[in-house]
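I have placed the structure first, in the form of structure tokens, so that the comments after it can refer back to it.
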Amino acid sequence: MNEKNENQKKKEFKISRRDFLKKGLMAGVGVALTGSGIVSAFDAFAQGGEKIKVLGPDGNVMSVDKSHLKEIGLKTEEEMQESGREGIDGKRFVMVIDLSKCRNARKCMSACQHAHQLKPEQHHINVLRMDRAGDTSPFFMPKPCQHCENPSCTKVCPVDATFKRKDGIVLIDNERCIGCRFCIAACPYSARIFNWADPKDKEKYEDVEYNIELNVPQKKGTVSKCVFSANRLREGKLPYCASACPNGVYWFGDANEDAVTNGTTKETVSFSNLLKNNAAYTLLPELGTKPSVYYLPEKDRLFPFEYKGQSDMEDNSHSV
Amino acid sequence: MPEIKNKDTKKSLSTIVTDLTRPLKNHYGLTPWMFFLLSVMGVGIASYIYQLQNGLAVTSMRDYVSWGLYISSFIFFIATALVGMLISAVLGLIGIKWITPIARIAEMIALGFVMWAGLIIIFDMGRPDRILNIFLHGRLQSPIVWDLTVVTTYVAISMLLYLLPLIPDMPFLKRVMSDQPKWKQTIYKLLSFGFVGRPEQYKLIKKLTRILAILIIPVALAIHTVTSWLFAMTPRIGWDSTIFGPYYVTGAFVAGGAAVVIAMFAFSVDFRLKKYITEYHFDKMGKLLVLLMLVYLYFNINEFMVPGYKMKAGEDHHILTLFTGAYAKMFWWVQLGGLIIPIILLLFKRMRKPIPSLIIAIAIIIGAFFKRFIITIPTLMHPHLPIQNVPAEFHTYWPSGVEWAVTMMAVSGAILIITILAKLFPVMPIWEIAHEEGISNEEINEFIENGDINDEEKTS
């Protein structure tokens, strides 16, 4: 217990020290220095009353006192990059999508687009209309990035702009992306999109610092993708899509903890049992990408498949 | 069957020098030609600036078909550039004599196209301003970094392989071109690197050329193999193939061989070099093309017959699109018009004469370009999961005006490089032609000292 406390303090100290160094006041502070007195002393340096703009949880720009930001330890773009590239210690994030629940409400899509500054045709998550063989009923299938364990996309990136973190999330750094679109070509799930023109509301986001875990602001000429709402995970919240779903489609959690939480009902269950009891599968397993997104089969649906007034896939399989 | 013979008349050194340097002085028709090339490039530059300002949205590429004409042209250019290695290195090293008058032409094509291939990649980039990231944050694991490495190496070696055999021609040029502008003479002087025709200098040049010719073979194989890996390293239907490396290399030889035939015809007519690029050479190139196309056809059969027989779910849709669907016209042009029919035609001696050769080579090169197009686009159009909830334009692809303009700039740019080289330096190695005519080094030196050069009269 005591040791744990000590570690936590060290961590806090590390964050404060970075700020301290930046202010140019460093004067030979020993590496072994710990203790709450020193931490709070460093905190005092940051109390400038200075306001800076940040992105709120719903993607809106807000003004916050600088000292408040300190608590999370993310202040500059550089620091966001550093922690964003590293990931969250000890976690392995997974998503389970229950296809028997999806009724094409598309609240996931709109919440995602709102949070990530996306245009209507840009999808980090896309609800697809799927048809297996013709003799079973078609169904709706939300498709985010699969955050593969063996991703085809990060392998081919020439500049390490897209990468896999230790917590399993595949991120894209649109401050570094050169726009070669090799990752788009490589992704078998078509999970990636490109900013062919200026992003939505470009002016509004002009002064906002780039948050790699939110992947906002979007930038012209760079690739964008689902990030499992990495910024929300850091706060212990569920991803935007999971929280927005009214039908209980999404389970999200940590495979190391073996627990996933439903975005709608907030019920927490055993991840492995959920997979086992429901014959869960992954998409295109034959490609060996090992996705972190699992699907539960579209069984026992008590509602009809209906899209634009049609109950089959006849004409709408490739329409808008 | 009577063989088409190479030698008809013996040429004197003075005739050779006069014939090969005439195009360097007589610039009839050059101005409109350059004007044409530069205006095409001007339109391309304007289009590219427009693209820089408005983003890649001005192309027809969208989230699903995210690579288009630019990448197709890139592979096509790399393919065409590969011929320099085949003709001057492979055939040269195994001692084939008839390549002497066309080896330099092949090198020029290689240089022109490989340089612009590098540029096309930049045109395709969403953020060309961040190109330095490749050096700052380069990942050795990425095929793009491999490609960059081998393309630049190939440019360097090709350039040396072009310049080195040029050295012994410089004394001729210094003498013959004394009436030409000063800057040209400076170039000739610089590029002679102190060559005065001593036997050991000839020996050194031959030795170095040989070393470079050996070096360029693995590099050239690498450049096109790695280019094929840009596709084959992804788990996409139609690209996920293990034979893509050799498949691309053999395809490249076909495209490059056809380009050489076209260039041979252009130079033999426009530069009045029919005495040097004879029917014999067209005949030989025709036969070579048949061989290259047969190998390529074999790979095509493997690439399409094997999945076409199995019709695995997912692949079936891709195969049918090519065989009978939206890209069937291009596909069958490639297979029939670009391969099978040319193979059959070129089996006949009459079809290996200059004009039929030219027409067949044009058909082959159009097929080669289509081939690159249908390698790139149909695969992207058929991802594993359906394309939905996007505007209609995301479902189709045909290059936009900007893409055509920028691509035509690249084509013109490559031809411009070839034109400039052909107008500055002889398109054939004077010294090697002289050696082949049995003219000794002493005679050459004697000629350079006080040879008699009478223009025009002697040649006609």
request  = Answer yes if at least one residue in the stretch A:130-142 is in contact (Cβ under 8 Å) with a residue 40 or more places away in the chain, touching a helix residue (DSSP H, G or I) at 6+ places or on another chain (Cβ under 9 Å) and in a loop (DSSP other than H, G, I, E, B), and no otherwise.
outcome  = no
key: Checking A:K155 against (1) facing another protein chain (nearest Cβ under 9 Å); (2) outside any loop (DSSP other than H, G, I, E, B); (3) in contact (Cβ under 8 Å) with a residue 60 or more places away in the chain, the condition it does not meet   = (3)
remark   = Of (1) among the basic types (K, R); (2) touching a Phe, Trp or Tyr at 6+ places or on another chain (Cβ under 9 Å); (3) away from chain B (no Cβ under 11 Å), A:R181 satisfies every one except (3)
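Considering B:V269, B:V196, which residue is modelled with pLDDT under 90 and among the aliphatic types (A, V, I, L, M)?
Answer to the check: B:V196.
Of all residues in the stretch B:376-389, which are surrounded by fewer than 23 Cβ atoms within 10 Å (Cβ to Cβ) and either more than 14 Å from chain A (Cβ to nearest Cβ) or in contact (Cβ under 8 Å) with a residue 40 or more places away in the chain (or both)? Quick ask: steps written out before the conclusion?
Here is the first cut: in the stretch B:376-389, the ones surrounded by fewer than 23 Cβ atoms within 10 Å (Cβ to Cβ) are B:379, B:381-389.
Hits for the stretch B:376-389 are B:T379, B:M381, B:H382, B:P383, B:H384, B:I387.
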request  = Could you pull out the residue among B:P199, B:P165, B:P171, B:P143 that is within 14 Å of chain A (Cβ to nearest Cβ) and either over 30 Å from A:F182 (Cα atoms) or in contact (Cβ under 8 Å) with a residue 12 or more places away in the chain (or both)?
outcome  = B:P143
inquiry  = Which pairs turn up if I take residues in the stretch A:194-211 that are free of Cβ contacts under 8 Å to residues at least 12 places away in the same chain and look for partners that are of a type in the set (K, R) and assigned to a strand (DSSP E or B) with beta carbon separation below 6 Å, at least 6 apart in sequence or on another chain?
reply    = none
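Out of all the residues in the stretch B:281-320, which are assigned to a helix (DSSP H, G or I) and over 26 Å from B:G257 (Cα atoms)? Please lay out each step first, then the result.
Taking the stretch B:281-320 first, the residues assigned to a helix (DSSP H, G or I) are B:281-310, B:315-320.
Within the stretch B:281-320, B:V306, B:P307, B:G308, B:Y309, B:K310, B:E315, B:D316, B:H317, B:H318, B:I319, B:L320 qualify.
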task = Would you be able to tell me the number of residues in the stretch B:46-70 that are facing chain A (nearest Cβ under 7 Å), surrounded by 23 or more Cβ atoms within 10 Å (Cβ to Cβ) and small (G, A, S)?
result = 1
query = Here are some conditions: (1) surrounded by 15 or more Cβ atoms within 10 Å (Cβ to Cβ); (2) at pLDDT 95 or above. B:G401 meets all but one. Which one does it not meet?
reply = (1)
Hits in the stretch A:250-278 - residues which are in a loop (DSSP other than H, G, I, E, B), closer than 25 Å to A:C153 by Cβ and open to solvent by less than 50 Å² (accessible area, probe 1.4 Å) = A:A255
task = Return yes when B:G84 is under 14 Å from B:V151 (Cβ atoms), open to solvent by less than 10 Å² (accessible area, probe 1.4 Å) and more than 10 Å from chain A (Cβ to nearest Cβ) and no when it is not.
result = yes
ask   = Considering the stretch A:123-152 alone, what residues qualify as being under 16 Å from the mean Cα position of the chain (by Cα) and at the interface with chain B (Cβ under 10 Å from one of its Cβ atoms)?
value = A:H123, A:N126, A:K143
query = Going by the structure shown, is A:G168 part of a loop (DSSP other than H, G, I, E, B), among the small types (G, A, S) and more than 7 Å from chain B (Cβ to nearest Cβ)?
reply = yes
ask   = Does any residue of the stretch B:244-263 turn out to be farther than 25 Å from B:I415 by Cβ, over 23 Å from the mean Cα position of the chain (by Cα) and among the small types (G, A, S)?
value = no
query = Would you pick out the residues in the stretch A:126-178 that are of a type in the set (D, E), touching a Pro at 6+ places or on another chain (Cβ under 6 Å) and either open to solvent by less than 40 Å² (accessible area, probe 1.4 Å) or at pLDDT 95 or above (or both)?
reply = none
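If you go through the stretch B:202-234, how many residues are open to solvent by 50 Å² or more (accessible area, probe 1.4 Å) and either within 14 Å of another protein chain (Cβ to nearest Cβ) or at positive phi (or both)?
Just the residues of the stretch B:202-234 that are open to solvent by 50 Å² or more (accessible area, probe 1.4 Å), to begin with: B:203-204, B:206-208, B:210-211, B:214-215, B:218, B:221, B:229, B:233.
Keeping just the survivors that are either within 14 Å of another protein chain (Cβ to nearest Cβ) or at positive phi (or both) gives B:229, B:233.
The qualifying residues number 2.
The values are calculated or read from the model by the stated rules, or taken from the named source; none is laboratory data. Just so it is clear, the structure is predicted and the values come from calculations on it, not from any experiment. Neighbour counts run over all protein chains shown; Cβ positions are idealised from the backbone, glycine included. Only protein heavy atoms, including side chains, enter the accessible area calculation; ligands, DNA and RNA are left aside. Shrake-Rupley method; radii C 1.70, N 1.55, O 1.52, S 1.80 Å.
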